[in-house]
Amino acid sequence: MSRPGRDDAPDRLYTLTQGRSRSHPDNPFDLVTLVVAECDPVPGMQSEHAAILRMTERPTAVVEIAAELKLPIGITRILLCDLQASGRVSARHPSKTALPDLDLLKQVLVGLRNL
């Protein structure tokens with residue numbers, strides 16, 4: 001049993017990315033980046049690009065897009081970079097939660113020990 005995107009028509013993957021095997025070094029898309037479409041698909045657009053735009057009408061993680069398209073993450077990231085460069089999608093990174101105040105944690109620990 002082959003895994004989708006791995007052994008399936010490598011020439012198709014080459015065509016999808018126009019021969020590129022790596023995305024731009026400043027690629028903002030990691031696995032959990034949320035992608036949001038900024039416009040609707042237009043006629044004549046590459047079918048994978050159109051599928052991404054339809055899929056990302058609501059914020060969708062890169063890993064979910066790759067799974068839905070049955071494409072490797074690297075190929076998906078290249079396609080997303082193309083869409084971002086043309087202003088068709090935007091990237092939203094999950095917010096990093098602030099760490100709790102260390103002094104407050106110490107006070108809670110002391111309080112628990114006193115129970």
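The values are calculated or read from the model by the stated rules, or taken from the named source; none is laboratory data. Every value quoted in this text rests on a predicted model; they were computed, and no experiment measured them. Every residue, glycine as well, gets a Cβ built from its backbone with ideal geometry; the counts of neighbours run over all protein chains shown. Keep in mind that these areas ignore ligands, DNA and RNA; they rest on the heavy atoms of the full protein, side chains included. Shrake-Rupley method; radii C 1.70, N 1.55, O 1.52, S 1.80 Å.
Structure notes:
- Neighbour net charge for Ile52 - beta-carbon separation under 14 angstrom, K R +1, D E -1: -2
- Inter-site label distance for His93 and Cys39 at 7 Å from Cα along Cβ, in nm: 2.6
- The simple Förster model, with R0 at 41 Å and r as the Cβ-Cβ distance, assigns Leu105 and Ala67 a FRET efficiency of 0.60.
- Residues Leu79, Leu102, Leu34, Leu69, sorted by accessible area with the largest first, give Leu102, Leu34, Leu69, Leu79 [1.4 Å probe; ligands and nucleic acids excluded].
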